[in-house]
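Any read-out appearing in this document is the output of simple, stated calculations on the displayed coordinates, not a laboratory observation. Quick caveat, the model's predicted, so the values are computed rather than measured. Glycine gets a Cβ as well: all are built from the backbone with ideal geometry, and neighbour counts include every protein chain shown.
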Amino acid sequence: MRPILVSACLLGLLTRYDGAAKRNEKVLEHLREKGLIPIPVCPEQLAGLPTPRLKTCFATGGGAEVLEGTGTVVNSEGEVMNRLFLKGAAETLKAARIAGCAEALLKERSPSCGVHRIYRGENIVVGQGVTTALLQRSGLAVFSEEDL
Ligand code: SF4
């Protein structure tokens with residue numbers, strides 16, 4: 001039995017910006033089948049953001065660019081959220097280290113958790129969320145519910 005970091009909303013926890021969950025039966029089945037121990041994390045809650053909270057997307061770049069200081073993640077009121085998203089990513093990496101996770105299963109298209117695609121404004125583009133980019137840089141294997 002090995003631990004795996006999982007986006008809390010995919011497990012059915014009410015962590016999304018709108019106060020809802022995104023429980024995913026394929027994810028739960030995958031965890032059962034492989035005998036994985038899910039470590040639920042929500043980077044945005046770990047950053048100290050409230051739930052519900054304002055919707056957020058990238059204005060420029062993606063998660064990798066936010067790590068490098070050239071990208072911007074903004075909320076629906078146009079406020080730059082980089083500092084808090086970086087904090088959430090760092091706290092999530094800490095959780096991974098504490099639990100001994102070498103992999104993570106995260107929610108596609110989220111500005112924190114997106115693995116292959118993210119929202120830039122209203123458009124879906126290729127890119128990673130801020131937490132995903134940090135976890136990948138730190139050596140974790142990251143995949144999404146759409147890879148199952
Ligand atoms: S930050 Fe990640 S875990 Fe939290 S609600 Fe968004 S997609 Fe789910």
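Below is a table of values for the structure above.
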{"read-out": "Counting DSSP beta bridges with both ends in the chain, the antiparallel % (nearest 5)", "value": "40"}
{"read-out": "Cut-off 12 Å, label 7 Å out along Cα→Cβ of LYS55, residues of segment 8-23 by amide N", "value": "17-18"}
{"read-out": "Kyte-Doolittle mean at least -1.0, axial Cα span of 24 Å or more - DSSP H helices of the chain", "value": "82-99"}
{"read-out": "Nonlocal amide H pairs with ILE39, under 5 Å, H built at 1.01 Å", "value": "ILE4, LEU5, VAL6"}
{"read-out": "Descending Cα extents along the principal axes, segment 3-147, whole Å", "value": "42, 30, 27"}
{"read-out": "Residue pairs, from the table LYS26/LYS94; LYS22/LYS107; LYS22/LYS55; LYS22/LYS94, whose Cα atoms sit over 19 Å apart", "value": "LYS26/LYS94; LYS22/LYS94"}
